[in-house]
Amino acid sequence: EAGVAQSPRYKIIEKRQSVAFWCNPISGHATLYWYQQILGQGPKLLIQFQNNGVVDDSQLPKDRFSAERLKGVDSTLKIQPAKLEDSAVYLCASSLLIAGGTTDTQYFGPGTRLTVL
Amino acid sequence: RKEVEQDPGPFNVPEGATVAFNCTYSNSASQSFFWYRQDCRKEPKLLMSVYSSGNEDGRFTAQLNRASQYISLLIRDSKLSDSATYLCVVNIRDNTSGTYKYIFGTGTRLKVLA
């Protein structure tokens, strides 16, 4: 079974530039998550999709971050304009169930390592 | 107070040692609990779920204490390959949306020394 795919794996940009990340979840997984992981910290949820609808974006800095999951499959996360503090690994994860649940398991992609200069 | 708290470590232990990590959570409505392992520059991977009755998987034992709101992970007979960061994860149900979200701790670094 193919895992969660993400691209690019690495990205270096200058502050105030724009960047986009792509994620393709495991086939059939209803829920898709984007996390930001800053060095030395645990992953922080940015946005959670249930099929193609947003169920939680409370920690997404909406003035600069946006995400979409058209057709309920793959997803893109965009940052515009980037700031120095956005340097982090952006992890995409997916899980099978629509509403998550106590027995649901998240599977993570390899992440995109973003460096903002 | 953070929703999920862990001692960041690092824990440096010799091969063969037993090491224990604790994690506390603040939301009493938390539904389920997990330990994830994250190797350096890799993505997190599920190590084990944590059940109320406690559960064991080989050298790994997980315990949950709902009354005190903490979770533990015990690793026996540590191997060099156990060196990693161990993330405590709590699954909380949002009563408004009916969906679940995962809250991660900062992770505890373990280094097993030869």
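The values are calculated or read from the model by the stated rules, or taken from the named source; none is laboratory data. All figures in this text were calculated on a predicted structure; none of them were measured in a lab. No Cβ is skipped: glycine too gets one built from the backbone with ideal geometry, and neighbour counts run over all protein chains shown. Please note that ligands, DNA and RNA were not included when accessible areas were found on the heavy atoms of the full protein model with its side chains. Shrake-Rupley method; radii C 1.70, N 1.55, O 1.52, S 1.80 Å.
Annotation for the stretch B:40-101 versus the stretch A:61-99: alpha-carbon center distance of 25 Å. Taking 7 Å steps out from each Cα toward its Cβ at residue A:7 and residue B:40 produces label points 2.9 nm apart. Using C-alpha pairs below 8 Å separated by at least 6 residues, the relative contact order for chain A is 37 percent. Computed from the C-beta positions of residue B:17 and residue A:115, the FRET efficiency with R₀ = 45 Å rounds to 0.75.
Report the local net charge at residue B:95: Lys and Arg +1, Asp and Glu -1, summed over other residues whose C-beta lies under 15 Å from its C-beta. Working shown, then result.
Numbers: positive: B:93, B:101; negative: A:56, B:94.
Local charge sum for residue B:95: 0.
Which chymotrypsin sites (Phe, Trp or Tyr not before Pro) does the stretch B:43-103 hold that lie in a coil by DSSP with at most 14 other beta carbons within 10 Å? Mind dumping the intermediate values first?
Values: sites: B:51, B:60, B:70, B:86, B:100, B:102; in loops: B:51.
Here the sparse-neighbourhood loop sites are B:51.
For the residue pairs A:78/B:42; A:78/B:111; A:62/B:79; A:62/B:111; A:15/B:111, the alpha carbons lie more than 32 Å apart in A:78/B:111; A:62/B:79; A:62/B:111; A:15/B:111. Can you work out the Karplus-derived ³J(HN,Hα) for every residue in the stretch B:76-82? Use 6.51 cos²θ - 1.76 cosθ + 1.60 with θ = phi - 60°, whole Hz, and x for glycine or proline. For the stretch B:76-82, the Karplus-derived couplings read 9, 6, 3, 10, 4, 6, 7 Hz, x marking Gly and Pro. Annotation for residue B:28 and residue A:64: the two label points, set 7 Å from Cα along the Cα-Cβ direction, are 3.9 nm apart.
So if a site counts as exposed when it's one of the trypsin sites (Lys or Arg not before Pro), its DSSP state isn't H, G, I, E or B, and it has at most 12 other Cβ atoms within 10 Å, what's the longest stretch of chain A without one?
On the way: sites that count: A:9, A:16, A:62, A:83.
Counting only loop sites that pass the neighbour cut-off, the longest clear stretch is A:17-61.
Rounded to whole numbers, the Karplus 3J(HN,Hα) couplings from phi for the stretch B:93-105 are 8, 7, 5, 6, 8, x, 9, 10, 9, 9, 10, 9, x Hz, using 6.51 cos²θ - 1.76 cosθ + 1.60 with θ = phi - 60°, and x at Gly and Pro. Could you please report the charge total around residue A:55, scoring K, R as +1 and D, E as -1 over all other residues with beta-carbon less than 13 angstrom from its beta-carbon? Its environment carries a net charge of 0. Taking all Cα pairs closer than 8 Å and separated by 6 or more residues, the relative contact order of chain B comes to 36 percent. A convex hull fitted to the Cα coordinates of the protein assembly as shown yields 130 cubic angstrom per residue.
Label zone of residue B:51 (point 7 Å out along Cα→Cβ, amide N under 16 Å): in the stretch B:17-34 this covers B:32-34. Rolling a 1.4 Å probe over the heavy atoms of the protein chains gives chain A an accessible area of 48 Å² per residue. When nucleic acids and ligands are ignored and a 1.4 Å probe is applied, residue B:46 ends up with an accessible area of around 70 Å².
Shown here for the stretch B:1-79: trypsin sites (Lys or Arg not before Pro) in loop regions (DSSP other than H, G, I, E, B) with at most 11 other Cβ atoms within 10 Å, namely B:1, B:41, B:79.
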